[in-house]
1. Which order, highest average first, do A:280-289, A:466-475 follow once you tally other Cβ atoms within 10 Å for each residue and take the mean per peptide?
2. If you take the charge dipole of chain A about its Cα centre, with +1 on Lys and Arg Cβ and -1 on Asp and Glu Cβ, which of A:G348, A:P553, A:L309 is farthest toward its positive end?
3. What dipole magnitude, in Debye to the nearest 20, does the range A:355-423 give about its Cα centre under +1 on Lys/Arg Cβ and -1 on Asp/Glu Cβ?
4. How many nm separate the modelled label positions at A:D445 and A:V69, each set 7 Å beyond the Cα in the direction of the Cβ?
5. Let's see if you can work this out: charge +1 on each Lys and Arg Cβ, -1 on each Asp and Glu Cβ, no other charges. What is the dipole magnitude of chain A about its Cα centre, in debye to the nearest 20?
6. Which whole-angstrom value gives the distance between the alpha carbon centres of the range A:1-49 and the range A:430-455?
7. For the range A:78-94, just list the computed ³J(HN,Hα) in residue order, Karplus coefficients 6.51, -1.76 and 1.60, θ = phi - 60°, integers in Hz, with x standing in for Gly and Pro.
8. What list of ³J(HN,Hα) couplings, whole Hz, do you get for the range A:211-217 from phi and the Karplus terms 6.51, -1.76, 1.60, once you set θ to phi - 60° and write x for glycine and proline?
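Coordinate-derived values only; no laboratory data. Keep in mind that this is a model prediction, so the values were computed, not measured. Counting neighbours? That spans all protein chains shown, and the Cβs are built from the backbone with ideal geometry, glycine included.
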Amino acid sequence: MLKRTHRIHELNNSLIGKEVIVNGWVDRIRNLGGIIFVWVRDRYGIVQVLFEPESPTYEIAKKLSAEYVVGVKGILRERPREAKNADLASGDLEILATDLEILAESKTPPIYINREEGNEDIRLKYRYLDLRRKSLQSNLIFRHKLMQKTREYFNSLDFVEIETPYLMKSTPEGARNFIVPSRIKKGTFYALPQSPQIFKQLLMIAGFDRYYQIARCFRDEDLRADRQPEFTQIDVEMSFVDQEDVQKVIGDLVKYLFKETLGIDIGNVPSMKYSDAMELYGSDKPDLRFGMEMKNLTDQIFVRNLGFLKPSEEEEVKMIVVPPNEVLSRKELDGYAESAKSFNLRLGWAKFSDGKFTGSIGKLLTNTDLGVKAGESVLICTGQQNNLNSFLGKVRIDIANKIKIIPDRTFKVLWINEFPMFEWNEEEKRFQAQHHPFTMPYLEDLANEDLSKIRAHSYDLVINGWEMGSGSVRIHTRSLQEKIFKLIGISEEEAKRRFGFFLEAFEYGAPPHAGFAIGVDRLVSIMVGAPSLREVIAFPKTTSGTDLMMDTPSEVTEEQLKELGIRLEGNS
RNA sequence: GGGGACGUGGUGCAGCCUGGUUAGCAUGCCGGUCUGUCACACCGGUGGUCGCGAGUUCGAGCCUCGUCGUCCCCGCCA
């Protein structure tokens, strides 16, 4: 075998005149009749190889086709001045072939390796070919670098990386678990972890003090562009710390990662209260790359005269101001008013130009009340607070996308603090933990009769409108943990049955602790500008949770089922 | 669970609204000409169960219904 002497990026001017061997895949062939140019590609780059008719390799070279694997021996030389290619890193050089070995042939590939096109189902079916593409390779290499920098960062702060089990116990609340049947104890099941939450808390109780892990997590829920059934988290837990300490460590990590991988200084990460985020942006993950914050007009006198927009006692009135643009048509603005109705909201709009307002509520407005600039439009919406916030929050983002005011390659990172401890589950008619039931509530709020008013020491990291991770201060006493279980309707017996070991652990000296977890897939996606998580995962699943390459999930044999003591319903 | 978009030679798309003769374009692939190309060029050729099933019709890639798959969204995802 012609074994390589150099990887392609290592070829440079100092090697001109020397004999080199490269290994790689045939990327492109240009056969000019008398002379054949072949681009050979490896992980590091592309180099042009030249086959001349006089060479004994010429006849072999004629057999080459796309994606053949080759070893090429030849003399590295400078290209003639007029034949240099500035688009190629090795464009000043070429290899004059003296020997060629075909290491593997290839069928005509079903996707083009060197073009950014192709339907995703075919790309996923032939993922090993898709992964030959530059964009995917650089995404995965970026991801590798980010994980290495993460380890470097935590190691330097005396964190210990500890693995936790993938076969564990089903947890209450939250996402559906993937279930794994036990063969040895028929009729019983493991669950794959939604996160290593309980284990990392136990590690704190064990005294490890500072733990991290780059951990796989599993959630059996419906998928989206930003959700895979298995995903990776940078999981962190610390003892003898408060919220600020954790945010400092994580904030510095994110800052370090941006600096080390992209060379971007994101500055220190600012904080915002959950209630402010909802009030200003209608979202607990606000995108701060652009303005258009919501303005609350409820207490302004003039809204009493806004006709159908006049608020009732329990309603609010909010406005967003849209910068001058040529994009938003009357029809589109009317469209927002129309969709507002389906959320039990009332919306009117007007554009300010030539000193007056035009539009659905133009006649009702004066600029002494609003103070907008020429060319700006306003959308004013009235209704029940929660609906109003989430609706206008979505409209804000929708409009910003349409009028293209969201800057590219900009990263706005922030903390959202003081989340509500509980949220109402309408289906089950009970409160449940908004973060998870191990979260420390604000103790001064606990006396509150209205559970929705109790704040939690939980916090999210948000980048550009994406939830990038979340964490909390944890409960570390049995009595408080039991109290929280009770509040969310987990009975004492159930708590004991499912978490007895955990509650017991609190009785043997549990230190105050807090932690966080960052979604690696999302972080990498946003940093490389990938439109979907599938672009930063080597072997992702489709939105229906299947792997098109392996064709799984798939059936198992009768024998396998029998061993597990499982019988399928129906005739399958 | 619900809504929407898409499914046509190996690949990417057009054709569907308004049903009618050999399903078109690009690229790939095969053959030929060509000694400085770089998405080489030029000439010739090859390649299609129009996702699958049913229905309407004299006739379906096109209309209808169902079904499967991919993608996006809502629910869901502590």
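1. Listed from highest to lowest mean packing, they are A:466-475, A:280-289.
2. My answer, from the dipole projection, is A:P553.
3. 360 debye
4. Distance between label points: 5.8 nm.
5. Approximately 1180 debye in magnitude.
6. Result: 64 Å between the Cα centres.
7. These are the phi-based 3J(HN,Hα) values: 7, 6, x, 3, 6, 10, 6, 10, 5, 7, 10, 4, 9, x, 8, 10, 7 Hz.
8. 10, 9, 7, 9, 10, 7, 10
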